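A short worksheet on the structure shown next.
The values are calculated or read from the model by the stated rules, or taken from the named source; none is laboratory data. Remember, predicted model here, so these are calculated numbers, not experimental data. Quick reminder, even Gly has a Cβ in these numbers, built from the backbone with ideal geometry, and neighbours come from all protein chains shown.
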Amino acid sequence: MAFDIRTFAAMRFGGHGNRLGIAFHDASDDWVEMALPYRPDMIGNVDSGVIASGPIVALMDIATSMAVWMRAGTFVAHATLDLRVDYLRGAKPHRTVIGRGECYRITRSVAFIRGQAHDGDPDDPIAHVAGTFMAPEGYP
Amino acid sequence: MTLPPYADLLGATIEGVEDDSPVLIMPFDDSVTGRPGFVQGGAIAGLLEVAAIAALQQALAAEGGGRIKPINVTVDYMRGGRDKPTRTRDRHAARQSRRQCRGGRLAGRARAADRGGTDELSDRARLSAAAPRFAM
């Protein structure tokens, strides 16, 4: 079985992801990319125009969650156990942030993820991410 | 104390002060939900970071201020944030440790709870930030 991410992502969602304007960007066999367009209402520092890290955490949470479903081959109800974001630099104002999520391992109840965020050049990342999800009903 | 535009996006405001740190409150709303009925993890992390930075700014203000640049944020999700208002509590607003050449490092910690405060811990975030003002 395969998780049809494009159809899934085409469904209209409410919630925080929708409020931030997060949208599907691209996917391959083992990674998913979501996009976070720049908007002034996400600014964390008014002097620099750099967005707060909350939207980037949300972007990576969503991208890595999708990556888990890709690897599992299906949607699974799960919750973020922990998520760590290391910022190499602030996001450049007015640039769309792309978040790539990868799931590198799934055990019976825990999925292990990593990811990177960039704003145009994957070789110049904004942040690296690592974390875990847990499925109360287990992963298939 | 002014919060950044992102705080408005979350609907977060300063409710009061506790142990010299601002307490923020964020109402439950569709605009902050993740999986149905729960607050989205990024919204919780964002709220915690806004609170931690506000507390650090307050602590630094007494020393003439200083720039804060987040280095990393780690969130341990203890349980899902439910459909109630979420509040933050900050312990140890700023612990300064002088480091060598790259500047000082400030640690802010914030905790979010949604059952009226202190005893029902929902999430915990740790923010490490650089404050170049403290460079040796």
Exactly one of B:ILE71, B:ILE25 is at negative phi, in contact (Cβ under 8 Å) with a residue 60 or more places away in the chain and not acidic (Asp, Glu), and that residue is B:ILE25
Members of region A:62-103 found to be of a type in the set (Ser, Thr, Tyr), assigned to a strand (DSSP E or B) and farther than 20 Å from A:GLU137 by Cβ, listed by number: A:TYR87
With the structure loaded, tell me whether A:THR96 is away from chain B (no Cβ under 12 Å), polar (S, T, N, Q) and out of contact with any helix residue (DSSP H, G or I) (no Cβ under 7 Å at 6 or more places or on another chain) or whether it fails that test. yes
Looking only at region B:58-78, count every residue that is assigned to a helix (DSSP H, G or I) and within 11 Å of chain A (Cβ to nearest Cβ) and tell me the total. 0
Among the residues of region B:22-46, count how many are buried (at least 24 other Cβ atoms within 10 Å of the Cβ), more than 7 Å from chain A (Cβ to nearest Cβ) and either assigned to a loop (DSSP other than H, G, I, E, B) or touching a Gly at 6+ places or on another chain (Cβ under 9 Å) (or both). 3
Return the residues of region A:25-58 that are loosely packed, with under 13 Cβ neighbours inside 10 Å and among the acidic types (Asp, Glu); say none if nothing qualifies. A:ASP29, A:ASP30, A:ASP47
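Looking at A:ALA35, is it in a strand (DSSP E or B) and either hydrophobic (A, V, I, L, M, F, W, C) or on the phi < 0 side of the Ramachandran plot (or both)? Give the derivation first.
Numbers: in a strand (DSSP E or B): yes; either hydrophobic (A, V, I, L, M, F, W, C) or on the phi < 0 side of the Ramachandran plot (or both): yes.
Against the criterion (in a strand (DSSP E or B) and either hydrophobic (A, V, I, L, M, F, W, C) or on the phi < 0 side of the Ramachandran plot (or both)), A:ALA35 qualifies.
Conditions (1) touching a Leu at 6+ places or on another chain (Cβ under 8 Å); (2) at the interface with another protein chain (Cβ under 8 Å from one of its Cβ atoms); (3) under 30 Å from B:ARG67 (Cα atoms); (4) modelled with pLDDT under 95, marked per residue:
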position: A:ALA2; (1), (2), (3), (4): no, no, no, yes
position: A:THR7; (1), (2), (3), (4): no, no, no, yes
position: A:PHE13; (1), (2), (3), (4): no, no, no, yes
position: A:LEU36; (1), (2), (3), (4): yes, no, yes, no
position: A:ALA52; (1), (2), (3), (4): no, yes, yes, yes
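Let's see how each residue does on (1) within 18 Å of A:ALA10 (Cα to Cα); (2) not in a helix (DSSP H, G or I):
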| residue | (1), (2) |
| --- | --- |
| A:PHE24 | yes, yes |
| A:ASP41 | no, no |
| A:ASP47 | no, yes |
| A:ILE56 | no, no |
Do the conditions hold for A:ALA63, that is, is it of a type in the set (Gly, Ala, Ser), buried (at least 16 other Cβ atoms within 10 Å of the Cβ), within 14 Å of chain B (Cβ to nearest Cβ) and out of contact with any Cys (no Cβ under 7 Å at 6 or more places or on another chain)? yes
